[in-house]
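Peer 1: Mind looking over this structure? Questions follow.
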Amino acid sequence: ACALARGGLCAAKQGKFWAYHDQVYDRQGEDMGQGLVDEVAKVIGLDQAAFATCLKDPLTELALQKDLQLGELMGLQSTPTMVINGRKIVGGHSVPELEALLEAIEKGLK
């Protein structure tokens with residue numbers, strides 16, 4: 001999971017986080033190691049040299065560790081977990097369920 005997370009951080013630096021995200025989720029059940037990270041980077045057209053440099057950059061590891069610490073502080077224990085307006089939503093949900101949740105949150109803010 002950490003290799004995938006590092007890849008996501010580096011894809012974001014090239015403006016392709018969501019393309020990376022979508023490819024990773026479409027490939028659930030495959031080996032989730034560095035091979036998948038590298039393959040996804042190629043599929044979505046990342047600059048391979050910049051991507052490889054980013055993966056090895058100590059600042060990337062630092063950013064990942066900060067994210068992990070924040071998750072621990074918030075009591076996050078599983079993936080996927082989302083936090084919207086301080087409300088923790090655990091587990092996978094369908095698009096209609098998430099849309100209904102967001103609508104309820106928006107109504108509560110007004």
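Peer 1: Sorted by average packing, counted as other Cβ atoms within 10 angstrom per residue and highest first, what order do 74-86, 2-14 take?
Peer 2: 2-14, 74-86
Peer 1: Which distance in nm do the two modelled labels at residue 25 and residue 88 give, with both placed 7 Å along the Cα-to-Cβ direction?
Peer 2: Going by the 7 Å Cα→Cβ label model, 2.1 nm.
Peer 1: Can I ask one more? Per residue of the range 3-10, what does 6.51 cos²θ - 1.76 cosθ + 1.60 with θ = phi - 60° give for ³J(HN,Hα)? Whole Hz please, x for Gly and Pro, Karplus curve as stated.
Peer 2: 4, 5, 5, 4, x, x, 4, 6
Peer 1: Moving to a separate point now. On average, how much area does the Cα convex hull of the chain cover when viewed from any direction, in nm²?
Peer 2: Value for the chain: 8.0 nm².
Peer 1: Here's a follow-up. Looking only at Cβ-Cβ distances, which cysteines of the chain have no other cysteine closer than 4.7 Å?
Peer 2: Isolated Cys, the chain: 2.
Peer 1: Okay, moving on. Test of understanding: what is the full-extension gain from residue 95 to residue 32, defined as 0.36 nm times their sequence separation minus their Cα-Cα distance?
Peer 2: Between residue 95 and residue 32, full extension yields 20.2 nm more.
Peer 1: Still on this structure, I have one more. For the range 30-35, in order, what is each residue's ³J(HN,Hα) by Karplus, 6.51 cos²θ - 1.76 cosθ + 1.60 with θ = phi - 60°, in whole Hz (x at glycine and Pro)?
Peer 2: 7, 4, 8, x, 4, x
Peer 1: Give me the distance between the Cα centres of the range 1-77 and the range 82-110, rounded to whole Å.
Peer 2: 25
Peer 1: How would the range 31-87 be classified by its alpha-carbon gyration tensor: rounded, prolate or oblate, with rounded meaning a/c under 1.5 and the a/b versus b/c comparison settling the rest? Mind showing how you got there, number by number?
Peer 2: Details: a/c = 2.54, a/b = 1.81, b/c = 1.41.
Prolate shape, in that a/c is at least 1.5 and a/b is the bigger ratio.
Computed from the coordinates by the stated procedures, all read-outs in this text should not be read as laboratory data. Since this is a predicted model, take the numbers as computed values, not measurements. Ideal geometry is used to build each Cβ from the backbone, glycine not excepted, and the neighbour counts take in all protein chains shown.
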